[in-house]
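Presented below is the structure to which this report refers.
The values are calculated or read from the model by the stated rules, or taken from the named source; none is laboratory data. Since the structure is predicted, the reported quantities are computational estimates derived from the model, not experimental observations. Neighbour counts are summed over all protein chains in view; Cβ atoms, including those assigned to glycine, are modelled from backbone coordinates with ideal geometry. Ligands, DNA and RNA are stripped out before the accessible areas are found, and what is left, the full protein with its side chains, is counted by its heavy atoms. Shrake-Rupley method; radii C 1.70, N 1.55, O 1.52, S 1.80 Å.
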Amino acid sequence: MASAAEDRIGELQRRLLGGYQLLQTLVGIRLRAVSDPESKRHLTWLSDIAAAMELLSRRMTAEGPLDFAGYLQDVAAFWTRACEGRPVRLDVRGQATLLPDSHLLPMAIITHELIANACRHAFPDGRRGSIAVAFSRAVGGVSLVVRDSGVGAEAIEPGEGLGLVSGLVEHLGGTMSVETAPGAGVGVRIRLPLDGPLAH
């Protein structure tokens, strides 16, 4: 009986993964068909979200609890491919931590969104630089830091990207701080509480 239930769950997970892949394909087709910059921006964002969900879904089909640090390695590979041909280096370091199911998808989207922002906006005109991602356990929760060495700014306006991240962090009961200066890049630090003891 248990085996039949596990097979059914595995089939449902495969279908879910196929759905995310199809969504990315459909968005890619639409991206090739539109020329309006605003439409391209929204479709690119949707493609990023679908990619985050697909990568997470792939990890969730594996046996055992999901280690978020392992997921970050998949994210690093994805964005390294996305930045191929540009002088942008991505360094991801994660401490093995099992996140509760309630945190997995929001954290996946948060991480993807912050890296996407850095890749697309921090290094204009072929500028060389790096993006560092650090994920670790912290007292009572977890910490995520995404920092780039890009152009930076006097201040960061809460646009759609950071607005989404801020909303998800608030949803999870966490805090977020942003540091930037002209020529000194952007750093985003997130602290999230976890219910119960952290997994080791």
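Details
- Pairs linking a residue in segment 117-133 that is under 13 Å from GLY183 (Cα atoms) to a residue that is open to solvent by less than 60 Å² (accessible area, probe 1.4 Å) and aromatic (Phe, Trp, Tyr), with Cβ atoms under 8 Å and 6 or more positions apart or on different chains, are GLY129/PHE123.
- Options LEU99, LEU168, LEU104: the member that is within 18 Å of LEU55 (Cβ to Cβ), at pLDDT 90 or above and open to solvent by less than 50 Å² (accessible area, probe 1.4 Å): LEU168
- Cβ-Cβ under 9 Å pairs, at least 6 apart or on other chains, segment 27-44 side without any contact (Cβ under 8 Å) to a residue 40 or more places away in the chain and within 16 Å of GLY161 (Cβ to Cβ), far side small (Gly, Ala, Ser) and open to solvent by 40 Å² or more (accessible area, probe 1.4 Å): none
- Within segment 183-200, the residues that satisfy the criterion of being modelled with pLDDT under 90 and either exposed (fewer than 14 other Cβ atoms within 10 Å of the Cβ) or over 12 Å from ASP148 (Cα atoms) (or both) are GLY183, LEU194, ASP195, GLY196, PRO197, LEU198, ALA199, HIS200.
- THR97 being of a type in the set (S, T, N, Q) and out of contact with any Ser or Thr (no Cβ under 8 Å at 6 or more places or on another chain): no
- Unique match (being among the aliphatic types (A, V, I, L, M), at pLDDT 90 or above and out of contact with any Phe, Trp or Tyr (no Cβ under 7 Å at 6 or more places or on another chain)) among VAL34, VAL92: VAL92
- Tabulated pairs, segment 94-111, first of a type in the set (A, V, I, L, M, F, W, C), second part of a helix (DSSP H, G or I), C-beta under 6 angstrom, 6+ apart or interchain: ALA96/ALA69; LEU99/PHE68; ALA108/ALA52; ALA108/LEU56; ILE109/ALA52; ILE110/VAL165; ILE110/LEU168
- Segment 80-89 - residue that is surrounded by fewer than 21 Cβ atoms within 10 Å (Cβ to Cβ) and not small (Gly, Ala, Ser) and, of those, farthest from ASP48 (Cα to Cα): PRO87
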